[in-house]
Structures are given as structure tokens and as C-alpha cells.
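K.L.:
Let me give you the structure first, and then I'll get to my questions.
The values are calculated or read from the model by the stated rules, or taken from the named source; none is laboratory data. As the structure is a computational prediction, the values presented were derived from the model and not from experiment. Virtual Cβ from ideal backbone geometry, glycine too; neighbours counted across all protein chains shown.
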Amino acid sequence: MALFLGTAMVAAAVVIFIIQPVAKGIHASLERAEDELTETEARKRVALLALRDVEYDFLAGKLDENDYRSLKGELTAEALAALEADEKAREQVGSVGPEDVEAEIAAIRMGLHGEAGAGCPDCGFVNESGSRFCSACGHALQAQVSG
Ligand SMILES: [Zn+2]
């Protein structure tokens, strides 16, 4: 029995030893400086990336329209909530709307390739750089010659 208790105590001590720095790290992350990704920024980014992926999957024909609409609705709501939480976290006054979500997605699309892709002259969809046709409407884009 004494041996069992001793083993259990050592195990508990090891667990506390392992968990302690992690718990401290979580606490520290809440007080981190602005140049690091905050919890609300991370949440916003995850939601926006998911939203962009859903859009690409739909355009690539991997999602049917019903799935796309319901997923996009859910993710847009999540992205909006995350944007609002982020704005509040930064103590910025002002409201956010769907246009802010669209702007953030456009920014992420551009960030993906380090440069802005070809914006469709017809519908405005920002395509991946080098695209010859618009992924959204099929409109022919100006060929981007590089090199
Ligand atoms: Zn287009």
C-alpha cells in the first residue's frame, strides 16, 4: 500500500511538473504583446481560412450548392463573431459587417501567394495568380507572363 501511494505521488508530481509550464504558457498568451497572434486573431484566422476553403471547394466542384450555402452561413457567422471579438479585444469602437469578412478573406487570398492574383474584371473575384480564367464565373483573365 505504501509503495502504491509512493508511486501515485510520484506520478502526480510528474503530472504537475509537466502541466505547470503549459498552464503558465496559456496564461502568458493572454497577456502577450500586440505583435504576437492573440487568441481572437487566431480564432478569426481559423474561421476565415475555413471560409476560403469552403469557397474553393465549392468552386472546384467538391461541394454541392446546399452544403456550400449551409457551411458558408455557419462559417460567416463564426467569422463575424470572431471579428467582433477581435475588435473588442483591441478596444476599437465600431461595428463589423459582412463586408469586413470579405475584405479579410481577400487579404488572406493575396497573402497566400505573396501577391494579388488577377482580379476578375467581370465579377471581382480575386483568383490565384497565374489563373487564365476566373474561378467564380469563368471569365477570361489577362494572361500573366512571368520571367
Ligand atoms: Zn469572374
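K.L.:
Answer yes or no as to whether Lys72 is within 20 Å of Gly97 (Cβ to Cβ), at pLDDT 85 or above and charged (D, E, K, R).
P.N.:
Against the criterion (within 20 Å of Gly97 (Cβ to Cβ), at pLDDT 85 or above and charged (D, E, K, R)), Lys72 qualifies.
K.L.:
To continue, here is another question. Against the condition of a type in the set (A, V, I, L, M) and modelled with pLDDT of 70 or more, how does Val22 come out, does it pass?
P.N.:
no
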